[in-house]
Amino acid sequence: MNEIITEAEFRKKIKNSTSAPGYLFFGDEDYLKQNAVTVTKGLFFPDEGAAAFDYIAIDRAAFSAQ
């Protein structure tokens, strides 16, 4: 299911959830995107060690379809 949600809807969803298929953050406001990533990582990976195994970040500048 692909849907575009507002920041308020996103915050409500992550507050009431313990898992998610994945999120793509996009837009012009770099601060808001980084803040959303930080908040999400904190909720899903309270122990930073777990994030090392389960967190994947894809940067568009370094992304290749291959």
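The values are calculated or read from the model by the stated rules, or taken from the named source; none is laboratory data. Because the structure is a prediction, the values reported are computed rather than measured. FYI the Cβ positions are ideal-geometry reconstructions off the backbone, even for glycines, and counts take in every protein chain you see. For the accessible areas, the whole protein counts, side chains as well, though only heavy atoms, and no ligand, DNA or RNA atoms are used. Shrake-Rupley method; radii C 1.70, N 1.55, O 1.52, S 1.80 Å.
Among the residues of region 25-59, those identified as of a type in the set (A, V, I, L, M), outside any loop (DSSP other than H, G, I, E, B) and more than 17 Å from residue 9 (Cα to Cα) are 50, 51, 52. Listed by first and then second residue, the pairs linking a residue in region 22-34 that is free of Cβ contacts under 8 Å to residues at least 12 places away in the same chain to a residue that is of a type in the set (Gly, Ala, Ser) and part of a loop (DSSP other than H, G, I, E, B), with Cβ atoms under 8 Å apart and 6 or more places separating them unless they lie on different chains, are 33/27. Could you please let me know if residue 63 is assigned to a loop (DSSP other than H, G, I, E, B) and modelled with pLDDT of 80 or more? Spelling it out, it is not the case that residue 63 is assigned to a loop (DSSP other than H, G, I, E, B) and modelled with pLDDT of 80 or more. All told, residue 21 falls short of being at pLDDT below 80, open to solvent by 70 Å² or more (accessible area, probe 1.4 Å) and over 11 Å from the mean Cα position of the chain (by Cα).
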